[in-house]
1. Which one of these is at pLDDT 95 or above and touching a helix residue (DSSP H, G or I) at 6+ places or on another chain (Cβ under 7 Å): ASN173, ASN220, ASN169, ASN231?
2. Please find, among ILE94, ILE75, ILE47, the residue that is touching a Leu at 6+ places or on another chain (Cβ under 8 Å), within 16 Å of the ligand (Cβ to nearest atom) and part of a helix (DSSP H, G or I).
3. Considering (1) over 25 Å from CYS122 (Cβ atoms); (2) modelled with pLDDT of 95 or more, say which one GLY28 fails and leave the rest.
4. For region 232-247, how many residues are part of a loop (DSSP other than H, G, I, E, B) and either within 9 Å of the ligand (Cβ to nearest atom) or over 12 Å from PHE41 (Cα atoms) (or both)?
5. For the structure I just gave you, tell me whether SER161 is assigned to a loop (DSSP other than H, G, I, E, B) and more than 16 Å from the ligand (Cβ to nearest atom).
6. Determine the pairs where a residue that is surrounded by 23 or more Cβ atoms within 10 Å (Cβ to Cβ), located within region 166-193, has a partner that is basic (Lys, Arg) with Cβ atoms under 7 Å apart, the partner being 6 or more residues away or on another chain.
7. Could you list all residues from region 5-37 that are among the small types (Gly, Ala, Ser) and in contact (Cβ under 8 Å) with a residue 12 or more places away in the chain?
8. Which residue is nearest to the ligand (Cβ to nearest atom), if the candidates are limited to region 50-72 and must be crowded, with 16+ Cβ neighbours inside 10 Å and assigned to a loop (DSSP other than H, G, I, E, B)?
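The values are calculated or read from the model by the stated rules, or taken from the named source; none is laboratory data. Owing to the predicted nature of the structure, the values given are computational and were not obtained by experimental measurement. Don't worry about glycine lacking a Cβ; one is built from the backbone with ideal geometry, like all the others, and counts go over all protein chains shown.
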Amino acid sequence: MISDRLRRTGGNKKAEARAHAARLREQGIRILSLDIGEPDFITPAVIRNAAKQALDEGFTHYTPTEGMKELRTAIAKKLRSENELSYTPEEIIITAGAKQAISNAIFSICNPGDEVIIPTPCWDSYPQMVKLAGAIPVSVPLSPESHFYPTVEGIKEKITSKTKCLLLNTPHNPTGVVYPRELLASIGQLAVDYDFYIISDEIYEYLSYERKCVSIGSLNPAIKAHTITINGFSKSYAMTGWRLGYAAGPQEIISAMKVFQSYTTSNANSIAQEAAITALDSAHDEVSHMVSAFKERRDFIQHELLSAGLSHFANPEGTFYIWADVSQYFGRSWDGHLIENSDDLATYLLEKAHVSVNGGSPFQSKTHIRISYSVSMNDLKAALQQIKEALAALH
Ligand code: PLP
């Protein structure tokens, strides 16, 4: 009954782990969630009020498939002033989240059998979107030796005549690293030399604590011509539930994405679009406040993990994730269960510490767990204390 296309995804690993946590909660156990991929803050009041007003004014109809001109104009202004990227509103499409922007882009440029290079570990959706489009994900392993940055040599090794694009994500989920400008320039040059596209997912743009995140398309016009820039409102403005993102890129691709979207979902939510104009215009202070809170938690968790003995983690320069190596615990047992990989350790932490973190397999790793610090400082403190005690018990 189910299509081969969907079968190829192999289901959703993260959903299985969430179901396990839900079962424990049903037994009355309080589980602290450090596996969350969204800001714990609610959307700032100024944005919520703009949505209420749009609703009261009856802004409840279809918008153009590619999104309201006023919002695309505001995004063009933002990209110009903050990212040194010059796009016209016609080179921008509004989507139901960055996720839809990325999958629409993949569906719009890839033929069956085309190859898409993905630095790995990666956000679990990337390879699955590629497979759903009938294309082939090709992984470039990221390692601690190169600070979890993709290397030019590593990418070059994977380029073939079938390479259609590279999925780039900075700040990076799950490692939390932010790619330096020079690295982006060399990767961009590869795209120009070998003529493939870069889908540049910049959804965590504002969550970069040490330096400003660089948009690869801003580096020169040739790189820009090979880049589809993706961003959205979920992480920057705590608007995950509103489902609003966008893509900016060469006119031909954006037009193709518009055709694709016209036959699948049509326009993104009209009220969310209206509120997003206010977000871009009037929520700077609220965004700064959230970013400072994340940075404070990042500093805290970094310090605490070192004292918990989890000292091997990627430099958490951005996002709200820590990517920690837990291989030192492999071979240990608890209640007759052998810990053989990072999923096993995540299960152990769930059962014994009552803290949910992500095991590595959804991100294509056996050695690392992803810990999200998108929770209140109180919960973070309690969770780390419980993790420390559980890890100490394994020694
Ligand atoms: N890109 C990355 C790397 C993400 O981690 C996520 C969400 O977790 C998204 C895109 C999806 O963002 P949106 O909520 O805008 O669809």
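1. None of the other options fit; the residue is ASN231.
2. ILE75 is the lone residue from the list that is touching a Leu at 6+ places or on another chain (Cβ under 8 Å), within 16 Å of the ligand (Cβ to nearest atom) and part of a helix (DSSP H, G or I).
3. Failed condition: (2).
4. Here the count works out to 6.
5. Against the criterion (assigned to a loop (DSSP other than H, G, I, E, B) and more than 16 Å from the ligand (Cβ to nearest atom)), SER161 qualifies.
6. PRO174/ARG370; VAL178/ARG211
7. Passing the criteria: ALA17, ALA21, SER33, GLY37.
8. The residue in question is GLY67.
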